[in-house]
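Undergrad: Input: one structure, supplied below.
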Amino acid sequence: MPQIASLKIDEKEYPLAVMVGTEGERAIDTRKLRADTGFICYDQGYGNTGSCESAVTFLDGENGILRHRGIPIEQLANFSDFVETAYLVIYGELPNREKRKEFGMKLRQNAAIETQMQRIFEGFPTSAPPMAMLSSIVAALAAHYPQLATNNFERDLVNFDLAAAIAISKIRTFGAMIYRYQKGLPYVFPKQELPFCDNFLHMMFSDPYTEYIAEPEVARALNLVLLLHTDHEQNCSTSTVRTVGSSAANLFTSLSAGICALSGPLHGGANVGVVQMLQAIYDEGDDGTRFIAAAKMGTKANRLMGFGHAVYKNFDPRAKIIGKACEDVLKKLGINDPLLDIARNLEQAALKDDYFLSRKLYPNVDFYSGIIMRALGIPTSLFTVMFAIGRTPGWIANWREVASNPKGRIYRPRQIYMGPVKRDYVPMDQRA
Ligand code: ACO
């Protein structure tokens, strides 16, 4: 028997349908609310609004659960790799051997960047913010491949497999190119025979005389960092991709918008903030007390970076995995990073502090990912780009859901207007 909710406004009652997801999540369907009652729902920041039905990722923030297409993140972190998880997230199933090979081949074939596109970088100062460069060049993919980016769902879905492979593979290559461009180094071309992460490290660190060959631990650690970022339900950047995609904008344009959304320090930029914060604590010879005291003042500018999450109110399961991997990777690589000790101390201190406990503020995935990336030789300035490389499959899967939904409508929220009421235009010479 389906549940019905009821809303009483003054003396009148309105029945509202109840929706139940496959994991038992419940929602009150308010789509007809305005038409039936004249009211809209007010939910600034959409913290309590389900904007779509999705079959990609299940997240239970109260219990620290994250599953992609039903498979727990802990199992994927243990047994899978980034490319396989990307396939799972995009296509809904783990690939069999043949499909995995085919997908890997598509990524390998689309890794290189054509000379015309390389020249786009030359229009940027070498000091340009990496995420600004990345979002621009990904938007440029729509200009470079107009046949895959027609802004028509049906036509773009026909070419979806190729567009998705181009996006995943080239966003990775762009990341390495941005690094080299900023350092004034010549680009290193991808090698078809290398696996995804090894190829990235090769494009980052090889030079004309010495080829960089990634240690297996290094490639594995990078795989883990990317895999843990593959998708995360309706976060700021993913819902941006869906919003832009809902206008029938093509995949590349929608991804570029997602990259812009990710660049903010309260979202993907947080991993940079964490390392800057840990470095400042180290430089000051502080034990973190000053940062904790400042964070407790409650201003956005002084937040403890890498702590808190919009939906996890228990712990971030990715943070558990990455915190443990961080220690293992540093040990295996023989790296002694004082920032890891500071991070551990800060975590312990915050977890004993009533301010953080009462607000359910625990370390998030970014708290440790930066320390791993430092150990792999990835500079802080590139951290958010690494997040974008990891998140690309999740954005793609969400864009595909929007594009394939025959009943989908354009994302167009409403507002409560709080500005001046109607008034007349005042000519210039009569203005105060
Ligand atoms: N340090 C100190 N106080 C914090 C922090 C923090 N990191 N995060 C939240 N708070 C406090 C707020 O000041 C607020 O306090 P109040 O109730 O006294 O006003 C309370 O906790 C709730 O804060 P909200 O802003 O309502 O929490 P919200 O869930 O909206 O924010 C966010 C989540 C943006 C992630 C926030 O915790 C934050 O800014 N963290 C630091 C940045 C960060 O690490 N971002 C990465 C997120 S993970 C990701 O994108 C992969």
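Throughout, read-outs are computed from the coordinates displayed, never taken from laboratory work. Only a predicted model underlies this, so the values are computations on that prediction, with no experimental measurement involved. Cβ: placed from backbone, ideal geometry, glycine included. Neighbour counts: every protein chain shown.
Undergrad: Between Ala27 and Cys41, with labels modelled 7 Å along Cα→Cβ, what's the label distance in nm to one decimal, could you check?
TA: Label-label distance for Ala27 and Cys41, simple model: 0.7 nm.
Undergrad: Could you calculate the contour length gain from Asn63 to Asp328, that is, 0.36 nm times the residue separation minus the distance between their Cα atoms, to one decimal place in nm?
TA: Contour length minus the Cα-Cα distance gives 92.8 nm.
Undergrad: Under a point spin-label approximation (7 Å from Cα along Cα-to-Cβ), what is the Tyr282-Asn48 distance to one decimal in nm?
TA: Roughly 4.3 nm, to one decimal.
Undergrad: Along the Cα-to-Cβ line of Ala55, 7 Å from the Cα, sits a label point; which residues in region 376-402 have backbone N less than 20 Å from it?
TA: Taking a point 7 Å out along Cα→Cβ of Ala55, the residues of region 376-402 whose backbone N falls under 20 Å are 393-402.
Undergrad: With each label point set 7 Å from Cα along the Cα-Cβ vector, what nm distance links Ala301 and Gln109?
TA: 5.3
Undergrad: In Å and whole numbers, how far do the C-alpha atoms of region 1-143 stretch along each principal axis, longest first?
TA: 68, 41, 26
Undergrad: Taking N as the number of residues in region 362-417, what is its alpha-carbon radius of gyration divided by 2.2 N^0.38 Å? Show your work: numbers first, answer last.
TA: Values: Rg = 17.5 Å, N = 56, 2.2 N^0.38 = 10.2 Å.
With N residues counted in region 362-417, Rg over 2.2 N^0.38 Å equals 1.72.
Undergrad: Hey, another quick one. For the peptides 314-321, 235-242, 98-105, what is the packing order when you average, over each peptide's residues, the other Cβ atoms within 10 Å and list the highest mean first?
TA: Highest-to-lowest ranking by the protection proxy: 235-242, 314-321, 98-105.
Undergrad: Region 183-209 to region 69-104: how many Å between their Cα centroids?
TA: First find each Cα centre; the distance between them is then 25 Å.
Undergrad: What does region 251-373 give for Rg and for Dmax, in Å, if only its C-alpha atoms count?
TA: According to the Cα coordinates of region 251-373, Rg and Dmax are 14.9, 47 Å.
Undergrad: Show me the ranking of peptides 425-432, 136-143 by mean Cβ neighbours inside 10 Å, starting with the highest.
TA: The most tightly packed comes first, giving 136-143, 425-432.
Undergrad: Sort 201-209, 214-222 by packing, meaning the average of other beta carbons within 10 Å per residue, with the highest value first. Mind showing how you got there, number by number?
TA: Values: 201-209: 16.4, 214-222: 18.7.
By packing density, highest mean first, the sequence is 214-222, 201-209.
Undergrad: Show me the chymotrypsin sites (Phe, Trp or Tyr not before Pro) within region 125-187 that DSSP assigns to loop and that have at most 16 other Cβ atoms within 10 Å of their Cβ.
TA: Tyr187
Undergrad: Here's a follow-up. Using the Kirkwood radius built from alpha carbon pairs, what does the Stokes-Einstein equation give as D for the chain at 25 °C and 0.890 mPa s, in µm² per second? Intermediate results must be reported in sequence, preceding the final value.
TA: Values: Rh = 23.4 Å.
Rounded, D is 105 µm²/s.
Undergrad: For the chain, with a Gaussian network of springs between Cα atoms less than 10 Å apart, report the residue from Leu376, Leu255, Leu351 with the top mean-square fluctuation.
TA: Leu351
Undergrad: Okay, next question. On each of the three principal axes of the Cα atoms of region 4-50, give max minus min coordinate, whole Å, ordered largest first.
TA: 35, 26, 15
Undergrad: Please state the relative contact order of the chain as a whole percent: Cα pairs under 8 Å, 6+ residues apart?
TA: Worked out over the chain, it gives 20 percent.
Undergrad: Let me ask you something else. Taking 0.36 nm per residue of sequence separation and subtracting the Cα-Cα distance, how much length would be gained by fully extending the chain between Asp161 and Asp424, in nm to one decimal? List each step's numbers first, then the result.
TA: Values: separation 263, 0.36 × 263 = 94.68 nm, distance 5.46 nm.
So the chain would gain 89.2 nm between Asp161 and Asp424.
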